Each structure stands twice: as structure tokens, then as C-alpha cells.
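K.L.:
My questions all concern the structure below.
The values are calculated or read from the model by the stated rules, or taken from the named source; none is laboratory data. Every value quoted in this text rests on a predicted model; they were computed, and no experiment measured them. Cβ: placed from backbone, ideal geometry, glycine included. Neighbour counts: every protein chain shown. For the accessible areas, the whole protein counts, side chains as well, though only heavy atoms, and no ligand, DNA or RNA atoms are used. Shrake-Rupley method; radii C 1.70, N 1.55, O 1.52, S 1.80 Å.
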Amino acid sequence: MTEKIGFIGLGIMGGGMAHNLLKAGFDVTVWNRTAVRMEPLVAAGAKAGSSPADVAMQSDVILVCVSDTPDVEAVILGADGVIESAKAGSLVVDHSTISPTATKEIAAQLSAKGVHMLDAPISGGSEGAAKGTLSIMVGGDAAQFERALPVFQAMGKTITHVGGTGAGQTVKLVNQILVVVTMLGVAEALLFAEAGGLDLAKTLTAVSGGAAGSWSLSNRGPQMVQRDWRPGFTIDLQQKDLRLVLEAADQFGVPTLGTGMVFQLYRTLQQQGLGGDGNHALVKALENLAGMEIGE
């Protein structure tokens, strides 16, 4: 018998992920703090839960995809949280990006109630969530990973068990370092191309297939050129992740020069009220320094 799925958090990523679970034929109960976001899922066949605890009561595997560490703690450990009614033997999977240390603490509290946990942060932007092509990096018990694999396969394409509890979150922070430092390279290169009088679309075509190619260049480069700042992932959320990177790097004693620079550049954009723009709007910070704009 297929396990019943609960999904908590239907934002820019969670909504698409929950839709893909329904498409795959899973029985899904959803909950979101802003109730209106449940409506499209209910119309597609999901059941609406009245609280995280209610979702947990009706589910064998409970997926969580919310913004930050305090949000995860609230929906799992707080009043009317998952821990209040999750059945012994059930599995909580956290797809949020949060502190690896907090992840271990949450997992320990769930374990004391006989509930398993995997930390399974995601990458691929809103496009990947909608298309079911996310990368999912998973920390926790190998047997629970195997249990959750059919669920992951409905939402993602690259699914990797990376280690014990907290390892998924740490790998996600590796991912975020690569994302933002690469984004800085894309932004800097396009500003250089603009200053050099190049056709930006042709320049992207010329360099995307070679050694300089990347997901960010192919997917976010054209958005920069078209000045389309709709978010696959917002600056505000990116900054939350970078704080986690810089905090962990401080604990590890690792220099993160590029990441620290991008964090400060994003901060200038937040101060201008641009935190809701996509993270590719990083180029605006360089434009501000250069006194020029790229693209149309």
C-alpha cells in the first residue's frame, strides 16, 4: 500500500512539488499558513489539513518546505506542530534549507517520539519544482532514504543520499556557495560584454556551450539580459541561506571570500527594497557600481 503523504509549506517551491506528488498518484494532505495557497492543490485532488498536527495525524510521510529555521521549528515542534500527533514509525522529511545544527536537534526530538527524520534540501528553482527535476540532497538513515525514494522521484531528478543527519543541509550550503559565486561571474561577464558593445544574446550563445557554461548562465543569464527579475529564488531567501553558509564557515574556520562579497552586494539591493527580486538581480548591484545597465 502506498504511504499517505503530508505536505506543509506551499510557497514558491512547495506548491510545485505537491502538485507533482498528486500527478504521481499519491494521497496528499496539505497545509499552508496562508490558507489560500491550499486551494489549487485541493482543486487538484489534495485534502486540506487544519494544522501541521492534523496533517501529521493523516500521513505516514510528512514533507516540510518552509522558509527558515524558526519556521521549521514552529511547524514541527511548536503548538499544533507535527510532533504532537505524528505516529510512531512515521517519517518527517524537511526540504527547507536550515541550520545543520538545528536539524540534528529537531531529529533528536522526533526520534524520542519514535518518529524518523530526513533532511532533504532542494535545488533547481521554481522551474525545477514545477517540472519535477529538482536536485535533492538527503541526510539521515539509509533505510529511511530508501523508504522515501519513490516520493523523491516524483519531485526530483538528481537524488543523492549524502550521509547522516545534517549532511543534506551541509551539502545544500555547498550548493549555495556555488550558485552565488557563479551568479557573480555571470553578472560580471554580462556587464563586461555590455561595456564592450557586444550583442548579449549572441555572446550567451557563444559561451554557454563551452567551459564557461553553467545552469546559472543558461537559465539566469537570459533573464538578466531581458531585465526579467521574476524570482526562481528571491534575494531575501538567498540571503537567509548565505547567513547559514557564513555561520557554518566561521565554525569550520574556512575562508569564504566570494560568498561573503556576494552577501554584501545582495545587502545593498535589500536596502533598496529589492529583496523580492530573483537572485539573478545580483547584476543590479554591479550596475550600481558601474553606473550603467546591461540589456534592453
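K.L.:
In degrees from 0 to 90, rounded to the nearest 10, what is the angle of the helix 14-23 Cα long axis to the longest principal axis of the chain?
P.N.:
That helix lies at roughly 60 degrees to the long axis.
K.L.:
Rounded, prolate or oblate: which fits segment 1-160 when a ≥ b ≥ c are the square roots of the eigenvalues of the alpha-carbon gyration tensor, with rounded for a/c under 1.5 and prolate only if a/b beats b/c?
P.N.:
Details: a/c = 1.33, a/b = 1.13, b/c = 1.18.
Because its axes are fairly even, with a/c under 1.5, segment 1-160 counts as rounded.
K.L.:
Do you know the relative contact order of segment 151-296, to the nearest whole percent, from alpha carbon pairs under 8 angstrom that are 6+ apart? If you can, show how the numbers build up before the last one.
P.N.:
Working: 140 pairs, mean separation 46.6, N = 146.
After rounding, I find 32 percent.
K.L.:
So which trypsin sites (Lys or Arg not before Pro) in segment 148-233 are both in a DSSP loop and have at most 16 other Cβ atoms within 10 Å of their Cβ? Write down the numbers at each step before the final one.
P.N.:
Details: sites: Lys157, Lys172, Lys202, Arg220, Arg227; in loops: Arg227.
Filter output for segment 148-233: Arg227.
K.L.:
With charges set only on the Cβ (+1 for Lys and Arg, -1 for Asp and Glu), what does the dipole of the chain come to about its Cα centre, in debye to the nearest 20? If you can, show how the numbers build up before the last one.
P.N.:
Numbers: 20 positive and 28 negative charges, 81 e Å.
Computed about the Cα centre, the dipole is about 380 debye.
K.L.:
Also: Which of these values of Cα extents along the principal axes in Å was calculated from the structure shown: [x] 62, 45, 41; [y] 63, 45, 35; [z] 59, 41, 38?
P.N.:
Of the labelled values, this structure produces [y].
K.L.:
A further question on this structure: What length, rounded to one decimal in nm, is gained on full extension from Thr34 through to Glu247, with 0.36 nm per residue of separation minus their alpha-carbon distance? Walk me through the numbers before you get to the answer.
P.N.:
Values: separation 213, 0.36 × 213 = 76.68 nm, distance 3.02 nm.
Result for the pair: 73.7 nm of gain on full extension.
K.L.:
Cross-link partners among lysines for Lys202, C-alpha distance below 27 Å, same-chain residues fewer than 8 apart left out?
P.N.:
Lys284
K.L.:
Determine the percent antiparallel among the DSSP beta bridges restricted to the chain, to the nearest 5.
P.N.:
Working: 4 of 28 bridges.
Beta bridges within the chain, antiparallel portion: roughly 15 percent.
K.L.:
Now a separate question. Sticking with the crude label model, points 7 Å out along Cα→Cβ, report the distance from Gln270 to Lys202 in nm, one decimal please.
P.N.:
In this crude label model, Gln270 to Lys202 measures out at 4.1 nm.
K.L.:
How about Lys47: which aspartates and glutamates have a C-alpha closer than 16 Å to its C-alpha, ignoring those fewer than 8 places off in the same chain?
P.N.:
Partners within reach: Glu3, Asp27, Glu39, Asp60.
K.L.:
Separate question: List, in order, the whole-Hz ³J(HN,Hα) value for each residue of segment 170-177 obtained from phi through the Karplus relation with A = 6.51, B = -1.76, C = 1.60 and θ = phi - 60°; use x for Gly and Pro.
P.N.:
So the Karplus estimates, Gly and Pro as x, are 5, 5, 4, 5, 4, 4, 5, 4 Hz.
K.L.:
Okay, next question. Helix 235-252 versus the longest principal axis of the chain: what angle, 0 to 90°, nearest 10, using Cα atoms?
P.N.:
Relative to the chain, helix 235-252 is tipped by roughly 80 degrees.
K.L.:
What distance in nm separates the simple spin-label points at Glu105 and Ala212, each placed 7 Å from Cα in the Cβ direction?
P.N.:
Label-label distance for Glu105 and Ala212, simple model: 4.5 nm.
K.L.:
Order these peptides, 271-277, 195-201, by their mean beta-carbon neighbour count within 10 angstrom, highest first. If you can, show how the numbers build up before the last one.
P.N.:
Working: 271-277: 14.0, 195-201: 11.6.
The packing order, highest mean first, is 271-277, 195-201.
K.L.:
Under 8 Å for C-alpha pairs, at least 6 residues apart: give me the relative contact order for segment 34-121, rounded to a whole percent.
P.N.:
Working: 126 pairs, mean separation 24.4, N = 88.
Computed value for segment 34-121: 28 percent relative contact order.
K.L.:
Counting only heavy atoms of the protein chains, get the accessible area per residue of segment 20-98 (1.4 Å probe) and round it to a whole Å² value.
P.N.:
Values: 3130 Å² over 79 residues.
Value returned for segment 20-98: 40 Å² of accessible area per residue.
K.L.:
Report, in listed order, any pair from Lys23/Lys131; Lys172/Lys240; Lys4/Lys87; Lys113/Lys172; Lys131/Lys157 with a Cα-Cα distance greater than 20 Å.
P.N.:
The pairs that break the limit, which is 20 Å between Cα atoms, are Lys113/Lys172.
K.L.:
Please report, in debye to the nearest 20, how large the charge dipole of segment 1-154 is about its Cα centre when each Lys and Arg carries +1 at its beta carbon and each Asp and Glu carries -1 there. Please report the intermediate quantities before stating the final value.
P.N.:
Working: 10 positive and 16 negative charges, 63 e Å.
Dipole about the Cα centre, nearest 20: 300 debye.
K.L.:
Could you tell me which chymotrypsin sites (Phe, Trp or Tyr not before Pro) in segment 1-62 are loop residues by DSSP with no more than 11 other beta carbons within 10 angstrom of their beta carbon? Show your work: numbers first, answer last.
P.N.:
Working: sites: Phe7, Phe26, Trp31; in loops: Phe26.
Filter output for segment 1-62: empty list.
K.L.:
Carbon and sulfur: what percent of the chain's accessible surface (1.4 Å probe)? Display every interim value, and only then the final one.
P.N.:
Details: 7080 of 12760 Å².
On the chain, the fraction of accessible area on carbon and sulfur atoms equals 55 percent.
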